[in-house]
Structures are given as structure tokens and as C-alpha cells.
Amino acid sequence: MDIEQRQSELIDQFVKQASAASNTSAISSVIVDATSHPLLFAFSEILALPNVLQLEATDEKFYLDLLRLFAHGIWSDYKSNADRLPQLVPDQILKLKQLTVLTLAETYKVLPYDQLMQELDVTNVRELEDFLINECMYAGIVRGKLDQLRRCFEVQFAAGRDLRPGQLGNMIQTLSDWLSTSENMLVSIQDKIKWADSMSEVDKKHRKEVEEKVDEVKKSIFKVGWIYFYCFTSLEFFILKYIDDIMFR
């Protein structure tokens, strides 16, 4: 089963659980289970549920903030706000570090080991490479090459994370700009095709004119040739006749 199908099934499962939760305690429990699940990396559908959003006005608000962190944040965000969030269990810490790698891999195609070790609180290269292989690549969220010589991770694939607030507008603008550029390029290509077609027609016309002129020259040469031949034979005849007259006079 590929990661997209697996994510879809897990999202449906937790959305149903959260929708059926009858009180804030039950909703908070679903949030903890979802953010701890080793195979779930998308949370926006759960975050969008009305009864989940209602936690904003309750004493359980920090669980809503926790869910937002897992939807859009990284490990350093948790460390900066740990006093306002629930304490994470080991599975949640692992998940948030995986999401940190995923966020970096979405943004950059080459991730220096030093940057990764700082972001993940990893102290040595061996530990970092084990994490990238066992917890990220085997999980299917990223694919890439570990370059020990250059001390970097070369990203070949990164699964998408939940869209952050404002990111959708930026994506729409980027796509609109791309569409506009594509349309302008298409118009330019069409203009060049028309120009090439017109030049082809001009070339054909010019070639036809040249061929017609060549034919005319050939005909003229042929006519002149016959005239010279006729004049030469006529002159020869008169000369011979003149000689005969002189000799037999």
C-alpha cells in the first residue's frame, strides 16, 4: 500500500473518531492518538472539524495548539513553546522530528548534515543517518541519497505536508503566474509558427519565380540557337553557290 492510500485511510479513521467524540476530553484523546500514530503525517482534516475547533474556547485549548503544531510546525517550534503545550510522549517526539525532516525536504533539495543535526538535536552523523534511513526513508515520507563525503542528504522525493495558513494563496498565485507565463510562451510560439509558415510561402513563391525565369532563359537560348543555326546554314549555302558560279562560269 502506498503512502497516499495509507494516509487517506488513517485520516478517515481519525476524522470519524473525532467527529464522534462527545466531549473535550474525548477529542483531546483523539488528538493525542493521531499525533502519536507512527504512520499518520497529515492532520488538516482533523483540524478542520467544528467540534475540534471548539477546543479554542475551553481549558483543553492546548490540545488544539498541539494539533496545529503537528499540522504545520517542526521540532524547534515545540521547543520554543513547550511551556504552553502538553508534554510530548516519545512517539510524538519522533513524529515531530520526522515532520521536521519532511518540511526541510520540501524546501531544499540538499540538506547539510550540520543543519539536520541542529534541527533534530542529534549529536553525531551515525545517529543522524540511522534516523534518516530507519525513521524517514523506510517510512516512505522522503527518498534520497546520503552523501558522507559532502556530509549532506540529497532529496529525491518528499511527501507533502498540510498546507500552512496563507500557503494556499501563495500556491494559487504561483500557479497563476505560471499559467500567465505559459500562455505568453504559447502566443510567442504560435507567432513563430506563423512567421515560419509565411517565410515558407515566400520561399516557395521565390523558388517558383526562379524556376520560371530559368525556363524562359532556356527557351530563349533554344530560340537563339536555332536562329544562329539557320543563319549559318543559309550563309554556307550562299557561299557554296557563289563558288560554283565562279568556277563554272
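The values are calculated or read from the model by the stated rules, or taken from the named source; none is laboratory data. Owing to the predicted nature of the structure, the values given are computational and were not obtained by experimental measurement. All Cβ positions, even for glycine, are placed from backbone atoms using ideal geometry, and neighbour counts span all protein chains on display. Ligands, DNA and RNA are excluded from the accessible area calculation, which covers all protein heavy atoms including side chains. Shrake-Rupley method; radii C 1.70, N 1.55, O 1.52, S 1.80 Å.
Worth a mention:
- Here THR107 passes the criteria (1) within 23 Å of the chain's Cα centre (by Cα); (2) surrounded by 15 or more Cβ atoms within 10 Å (Cβ to Cβ) except the one numbered (2).
- In the range 43-55 there is no residue that is out of contact with any Phe, Trp or Tyr (no Cβ under 6 Å at 6 or more places or on another chain), of a type in the set (Ser, Thr, Tyr) and without any contact (Cβ under 8 Å) to a residue 40 or more places away in the chain.
- Among the residues of the range 95-141, those identified as small (Gly, Ala, Ser) and not in a helix (DSSP H, G or I) are ALA139, GLY140.
- In the range 2-16, the qualifying residues are those that are of a type in the set (D, E, K, R) and modelled with pLDDT of 90 or more, and the one that is nearest to ILE141 (Cα to Cα) is GLU9.
- Taking the range 157-173 as the range and being open to solvent by 80 Å² or more (accessible area, probe 1.4 Å) and modelled with pLDDT of 65 or more as the test, the residues that pass are ARG164, PRO165, ILE172.
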